[in-house]
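The next block holds one structure in the form of structure tokens; read it before the comments.
The values are calculated or read from the model by the stated rules, or taken from the named source; none is laboratory data. Predicted model, so just to flag it, every value in this text is computed and none were measured. In this analysis, Cβ positions are derived from the backbone assuming ideal geometry, glycine residues included, and neighbour counts consider all displayed protein chains.
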Amino acid sequence: MKILVAHNLRSGTGDAGLYDFVHELGRHGCEVTIRYLNGDANPCSLVFDADGFDCVVASGGDGSVSSICYALRYTQVPVLAFPAGTANLIAANLGLPPDPLKLARIALEGRQMAFDMGELTHLGSTEPLPQEERCGFMVIAGAGYDATIMERAQQLKSALGVFAYVVGVMQTLTPTHARFRITLDGTPFDSEGIAVLVVNFAKLQFDLAVTHGSDPCDGLFEVAIARSKTAVGLLPAVWSAVLDRVLEYPDRSRLDVRPAREILVESDPPLRLQYDGEALELTTPFGARVLPAAATLIVPTGLD
């Protein structure tokens, strides 16, 4: 079995057991090629010949894994999300363990499943003509409060890990409140709040789900508008997510959740953007569309 490992050296706080993972694959007769990403290079550059391998292991944070999945969209090349970042939400949503030896067994014996992914489009301001910038996301993209949290947590990830996001929340108790013009599948409406989230996989840190019953295989986003003026105003939604862990609790107070395949978000004032934990130097407006069954991922046997 030929396996390509694409490892982002900038992700997380170490190799997350990558050596043990590769060693275990070698014990089972696998031919493993490892490529490292550092600096500002694009993760896509590591997988240009992925069709010559039996699978690709995307080792890094959620942004790195999503970039590789986007580069391999619709190729049916199977990807294993190796959790070497800070939040590792893709691995959490797929039920992948952090143990490198168990991950090696999943790489060898796991099941391949097709999942939706999102494509985020930003209409830039490059002169003399506007230029579209696109990227792929597996979990969540959005504008506003969430992007501010990601930005403020960035410098603390190496020291605090996932708790950097908690610090980011505490530093952003009064986020920017904006007026939104949102178009879902061609139908526009007006709203207001502190964030718009485009959800594919719903589970966040601490096993809390933004929306109830989100399905990353149904060809639809769940678009969640945080209709609050402060961070404290979202506490009922957080409590609802906590209750949802122990019983069926679909209510998400202060979140207006609507399904859509394609979305356009405009805001006044402009708000920062993020996708899968990556804060961007871009602001609204942005568009997003579902790429149905675009990513082939390796999951534990028995995952529904």
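Quick notes on this one:
- Residues in segment 59-76 that are in contact with a strand residue (DSSP E or B) (Cβ under 6 Å, 6 or more places away or on another chain) and crowded, with 22+ Cβ neighbours inside 10 Å: Ser59, Gly60, Gly63, Ser64, Val65, Ser66, Ile68, Cys69, Tyr70.
- So Phe21, is it more than 23 Å from Leu208 (Cα to Cα) and free of Cβ contacts under 8 Å to residues at least 12 places away in the same chain: no
- Flag for Gly110 being over 12 Å from the mean Cα position of the chain (by Cα) and either surrounded by fewer than 18 Cβ atoms within 10 Å (Cβ to Cβ) or charged (D, E, K, R) (or both): no
- Test: residue in segment 34-42 that is in contact (Cβ under 8 Å) with a residue 40 or more places away in the chain, touching a strand residue (DSSP E or B) at 6+ places or on another chain (Cβ under 6 Å) and either of a type in the set (Lys, Arg) or buried (at least 22 other Cβ atoms within 10 Å of the Cβ) (or both): no
- Within segment 284-304, the set of residues being in contact with a Leu (Cβ under 6 Å, 6 or more places away or on another chain) and farther than 19 Å from Gly95 by Cα comprises Thr284, Phe286, Gly287, Ala288.
- Note on segment 118-135: residues that are of a type outside the set (Lys, Arg), surrounded by fewer than 24 Cβ atoms within 10 Å (Cβ to Cβ) and at pLDDT 80 or above amount to 4.
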